[in-house]
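Chemist: Starting off with a structure, shown below.
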Amino acid sequence: MAQVRIAPWSEDDLALLRRLNAPEVRAHTGGSETDEQVVSRHERYARFSGTGKGCMFTVVLPDGEKVGSVGYWERQWRGEPVYEMGWAVLPEHQGRGLATEAVRAVVAAARDRRTRRWAHAYPSVGNPASNAVCRKAGFTLLGEIDFEYPPGEYMRSNDWRLDLRAPAERAGV
């Protein structure tokens, strides 16, 4: 039985995003944001799924509790159109494989779109948990890079790539 499902981000998910803005969750992604930034991010997430450029989802437990976020979005990477993927899980739910399961579900959603060959994730080299999610979800480590996030700041990241055209079982998903 699945531990989680993903559900498209909705107007009702602002409280979850505020909880995900905790310093321990945002430690590897530029730190906590102001409430104004969180509200703006929430508004982008809520209207994003209708744009055709990707989708943000909540990570939902079988009992309906929302415990994280996961998503994919279009970007150009080294001159090629790709999907970037990102995720976050509330601290009290980390370490149980929920992020890996949610990433596998979002990979399937991106694969079904059939618009990009590659999905990338760029976790900080100092974030062993997110790097493990990439490995367990079937991504291939391409190496370390300097990645701009948040805008205007660079962090040392790993560049993980997954072939969305490969059959799911071959891609590790």
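Chemist: Just check region 65-146 against the gyration tensor rule for me: Cα atoms, a ≥ b ≥ c as the square roots of the eigenvalues, rounded for a/c under 1.5, and otherwise prolate or oblate depending on whether a/b exceeds b/c. Show your work: numbers first, answer last.
Modeler: Working: a/c = 2.07, a/b = 1.33, b/c = 1.55.
Oblate shape, in that a/c is at least 1.5 and b/c is the bigger or equal ratio.
Chemist: I would also like to ask the following. Per-residue HN-Hα couplings for region 57-71, Karplus 6.51 cos²θ - 1.76 cosθ + 1.60 at θ = phi - 60°, whole Hz, x for Gly and Pro?
Modeler: 10, 8, 9, 10, 6, x, 7, x, 5, 8, 10, x, 10, 7, x
Chemist: On to the next question. Rounded to the nearest percent, how much of the accessible area of region 9-73 (1.4 Å probe, protein heavy atoms only) is carbon and sulfur?
Modeler: 50
Chemist: Excluding ligands, DNA and RNA, what is the solvent-accessible area per residue of the chain at a probe of 1.4 Å, expressed in Å²? Could you put the intermediate results ahead of the total?
Modeler: Numbers: 8920 Å² over 173 residues.
Normalised by residue count, the accessible surface of the chain is 52 Å².
Chemist: Gap in Å between the Cα centre of region 12-75 and the Cα centre of region 135-170?
Modeler: Distance between centres, Cα-based: 19 Å.
Chemist: Oh, and also: Can you tell which of Ala102, Ala27, Ala119 shows the greatest fluctuation in a Gaussian network model of the chain with Cα springs below 10 Å?
Modeler: Ala27
Chemist: Which percent, nearest 5, of DSSP beta bridges in the chain are antiparallel? Don't jump to the answer; show the numbers that get you there.
Modeler: Details: 34 of 36 bridges.
Close to 95 percent.
Chemist: Using only the Cα atoms of the chain, build the gyration tensor, take square roots of its eigenvalues as a ≥ b ≥ c, and label the shape rounded, prolate or oblate: rounded if a/c is under 1.5, else prolate if a/b is larger than b/c, else oblate.
Modeler: Details: a/c = 1.30, a/b = 1.14, b/c = 1.14.
Rounded, because the longest to shortest axis ratio a/c is under 1.5.
Chemist: If you roll a 1.4 angstrom probe over the protein chains with everything in place, what fraction of the accessible area of region 91-159 belongs to carbon and sulfur, to the nearest %?
Modeler: Values: 1670 of 3450 Å².
Exposed carbon and sulfur together represent 48 percent of the surface.
The values are calculated or read from the model by the stated rules, or taken from the named source; none is laboratory data. None of these values were measured; they are calculated from a predicted model. The protein model used for the area step is the full one, side chains on, heavy atoms only, and it has no ligands, DNA or RNA in it. Shrake-Rupley method; radii C 1.70, N 1.55, O 1.52, S 1.80 Å.
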